[in-house]
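For reference, the structure discussed in these notes is given below.
The values are calculated or read from the model by the stated rules, or taken from the named source; none is laboratory data. Here the structure is a predicted model, which means the values were calculated and not measured. Heads up, the Cβs are rebuilt from the backbone with ideal geometry, glycines too, and the neighbour counts pull from every protein chain shown. Note: accessible area is taken over every heavy atom of the protein model, side chains too, but ligands, DNA and RNA are not part of it. Shrake-Rupley method; radii C 1.70, N 1.55, O 1.52, S 1.80 Å.
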Amino acid sequence: MNDINANNIIEVKNLVKEFKGLRAVDDITFSVKENEIFGFLGPNGAGKTTTINIICTLLSKTSGEVTLGGYNVARERNKIRNCIGMVFQDPSLDDRLTALENLYFHGLLYNIPRSALKERSEEVLKMVNLSSRKNNLVMTYSGGMKRRLEIARGLLHYPKILFLDEPTLGLDPQTRNKIWDYIIKLKKSKNITIFLTSHYMEETEICDRIAIIDEGKIIALDTPDNLKNTIGGDIITILSEENVKLKKYIKEITGSDVHDAKEGEIRFEIKDSSSFIPKFIKNSPVKILSISARKPTLNDVFLDLTGREIREENASARDNLRMRMRGRMRH
Amino acid sequence: MKKELIGVYTIWLRDIKRYFRDRPRIIASFAQPILFLFVLGTGIASSFSTFGGGSGGDFLNFMFPGIVGMTVLFTSFFSAMSIVWDREFGFLREVLVTPISRTSIVVGKLLGGSTIAMIQGAIILLFSPLLKIPITFVIFFKIIGIMFLVAMTIATLGIVLASVIKSMQAFQVITNFLLMPMFFLSGALFPLNNTVKWMNVVAKINPLSYGIDAMRFAMLNNPAFQLYPLWLDIVVLASVTVVMSILGSFLFGRQD
Ligand SMILES: Nc1ncnc2c1ncn2[C@@H]1O[C@H](COP(=O)(O)OP(=O)(O)OP(=O)(O)O)[C@@H](O)[C@H]1O
Ligand SMILES: [Mg+2]
């Protein structure tokens with residue numbers, strides 16, 4: 001395969017996955033460069049996990065070409081398995097074992113010599129700050145600690161690529177930040193490619209490049225900054241006494257489209273908000289009750305592309321429920 | 001090759017470690033056999049005098065190998081079935097991305113489940129003095145061997161079913177419509193040679209009845225209780241195990 005760019009560690013071409021008539025992944029093409037953080041961003045059911053599972057050799061594809069490190073996912077599974085680390089969306093630790101035992105079993109499966117295994121276990125545990133709890137049963141860990149241990153385990157065999165499927169799902173904001181700190185630290189200290197998924201828009205900003213995926217299709221792929229630049233400037237949200245009239249007025253003076261936002265607000269985009277707002281308030285034909293301006297986020301990019309918010313308000317409650325249910329189903 | 005052996009060992013060791021850490025499970029697993037043996041068994045045995053049969057003591061002796069068989073049956077079947085939910089929700093997902101072949105995973109799981117079943121069965125043997133069944137060293141090892149074979153047979157069946165069914169809901173159905181009938185029609189609780197014809201036929205295709213038969217032979221060696229010669233028991237159990245484990249690792253290795 002000569003047409004493959006030497007810097008691309010993952011190449012996906014026209015990948016399709018169908019589940020009994022449902023197209024979970026619908027003809028996507030992208031590549032991941034060596035040593036970058038690549039993010040898959042999309043709402044629930046977009047096809048993120050399905051794509052990762054195919055790249056990781058856990059799921060067969062319906063059609064398309066997928067290679068990782070030059071190996072074909074359909075034919076050279078073991079070669080691929082040897083060079084990837086995986087942190088699944090759903091917990092996959094053995095909670096009746098201690099952290100060290102979990103790592104020990106993992107190391108055995110990768111044929112790491114016992115002498116090296118001990119040292120490496122200590123190393124990865126230290127990296128995620130779990131050294132002091134290494135002999136406790138995983139059962140006694142908090143959600144965030146479990147996640148950190150899973151990351152440590154994913155790194156134990158020194159993979160070339162680490163997959164993180166929703167690494168912060170169901171965690172509280174503080175713990176989420178910590179997890180991202182580890183990921184950034186990891187990126188700095190090791191030569192490693194990271195492929196992550198999330199539907200927390202803000203969090204994927206640490207990625208070098210992001211693919212926004214919706215209903216099985218990639219609808220945008222670029223650096224976070226470039227994606228945000230596709231939005232025409234800052235986002236202004238206004239609460240007024242008379243939206244209809246105001247919308248018409250804004251359209252007239254700015255030429256940009258005005259949308260209805262949450263709680264009776266309207267929103268639109270403008271290039272230079274700081275000079276626009278004072279003028280606007282002075283000249284507005286309608287009384288303005290509140291106005292705010294902010295830099296665009298990836299969420300706005302998604303909204304712009306699809307007309308929908310990436311996360312419904314209750315999504316995180318649902319994720320939590322899902323985590324708990326999964327937890328209970330294990331024996 | 002060495003890598004695969006380590007893989008088998010790892011999967012096995014994990015199951016054993018988990019087992020010994022799960023005290024509630026160990027204790028709970030004795031509730032059922034004790035109930036069967038000392039409540040149901042004693043009750044039925046004492047009813048022999050009411051209905052004017054022979055001595056009830058023989059019945060308890062007859063039933064004892066069946067209860068050991070029951071323990072082995074349920075333990076190995078459930079550990080084998082755990083391969084399903086472990087795959088969806090647990091540790092096994094992680095194993096599936098490691099460079100270990102699917103066959104090694106299946107073999108490790110089979111050996112793990114069978115070892116645990118064997119240990120559980122051996123603990124039930126501790127009740128044998130209460131029933132005045134003498135268990136010598138030699139008999140003990142014979143029983144251990146047979147328990148292991150029976151456990152393997154049942155575990156392979158469990159893995160095949162698990163790979164085909166793949167849903168937790170179907171699990172209850174399997175327990176009620178397959179496992180319980182298999183147990184009742186295995187000759188564990190009553191002799192099968194004097195019952196109605198259809199039961200006799202079902203017993204012939206039920207692999208567990210060969211296992212119970214062999215177990216009874218090893219423990220009691222009473223020709224009146226034997227259905228088949230020992231060699232036939234062993235051949236049937238071994239063949240089912242071989243066929244089912246090949247089928248099981250094939251089915252388990254299939255990708256979705
Ligand atoms: N084994 C399966 N059988 C049938 N349908 C499936 C299966 N796995 C996934 N799907 C469907 O494929 C679609 C994509 O699912 P996937 O898990 O890849 O989404 P996701 O982007 O990871 O979502 P989330 O953010 O909720 O994790 C969904 O509609 C899902 O219902
Ligand atoms: Mg997912």
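Of the set (1) in the same structural domain as A:Thr50 (by TED's automatic domain parsing); (2) in contact (Cβ under 8 Å) with a residue 60 or more places away in the chain; (3) away from ligand 1 (no atom under 16 Å from the Cβ), all apply to A:Gly154 but (1).
Among the residues of the range A:149-168, the one identified as open to solvent by less than 60 Å² (accessible area, probe 1.4 Å) and among the hydroxyl-bearing types (Ser, Thr, Tyr) is A:Thr168.
Entry remark, the range B:1-17: residues being at the interface with chain A (Cβ under 8 Å from one of its Cβ atoms) and either under 14 Å from A:Arg96 (Cα atoms) or acidic (Asp, Glu) (or both) number 3 in total. Restrict the check to the range B:221-240 and report whether at least one residue is closer than 30 Å to A:Leu58 by Cα and either in contact with a Phe, Trp or Tyr (Cβ under 9 Å, 6 or more places away or on another chain) or without any contact (Cβ under 8 Å) to a residue 24 or more places away in the chain (or both). Yes, the range B:221-240 has at least one match.
Say whether the condition of being open to solvent by 10 Å² or more (accessible area, probe 1.4 Å) and within 14 Å of chain B (Cβ to nearest Cβ) is met by at least one residue in the range A:169-176. No, the range A:169-176 has no match at all. Only one of B:Ile119, B:Ile133, B:Ile44 is open to solvent by 30 Å² or more (accessible area, probe 1.4 Å) and in contact with a Leu (Cβ under 9 Å, 6 or more places away or on another chain). Can you tell me which? That would be B:Ile44, the only listed residue that is open to solvent by 30 Å² or more (accessible area, probe 1.4 Å) and in contact with a Leu (Cβ under 9 Å, 6 or more places away or on another chain).
Look through B:Leu60, B:Leu157, B:Leu126 and report the one residue that is over 17 Å from the mean Cα position of the chain (by Cα), away from every other protein chain (no Cβ under 14 Å) and touching a residue at least 60 places away in the same chain (Cβ under 8 Å). From the options B:Leu60, B:Leu157, B:Leu126, the qualifying one is B:Leu60.
Applying the criterion of at least 1 residues that are modelled with pLDDT of 85 or more and in contact with a Cys (Cβ under 6 Å, 6 or more places away or on another chain) to the helices (runs of 4 or more DSSP H) found wholly in the range B:125-192 leaves an empty list. Scanning the range A:169-193 for residues that are touching a Gly at 6+ places or on another chain (Cβ under 9 Å) and not charged (D, E, K, R) gives A:Gly170, A:Leu171, A:Gln174, A:Thr175, A:Ile179, A:Ile192. Listed by position, the helices (runs of 4 or more DSSP H) enclosed by the range A:1-120 that each have at least 3 residues that are within 9 Å of chain B (Cβ to nearest Cβ), more than 30 Å from A:Asn135 (Cβ to Cβ) and open to solvent by 10 Å² or more (accessible area, probe 1.4 Å) are A:77-82. Residues that are at pLDDT 85 or above and under 31 Å from the mean Cα position of the chain (by Cα) within the range A:231-257 comprise A:Asp234, A:Ile235, A:Ile236, A:Thr237, A:Ile238, listed in sequence order. What's the total number of residues in the range B:79-117 that are within 9 Å of chain A (Cβ to nearest Cβ), part of a helix (DSSP H, G or I) and not small (Gly, Ala, Ser)? So the count comes out to 10.
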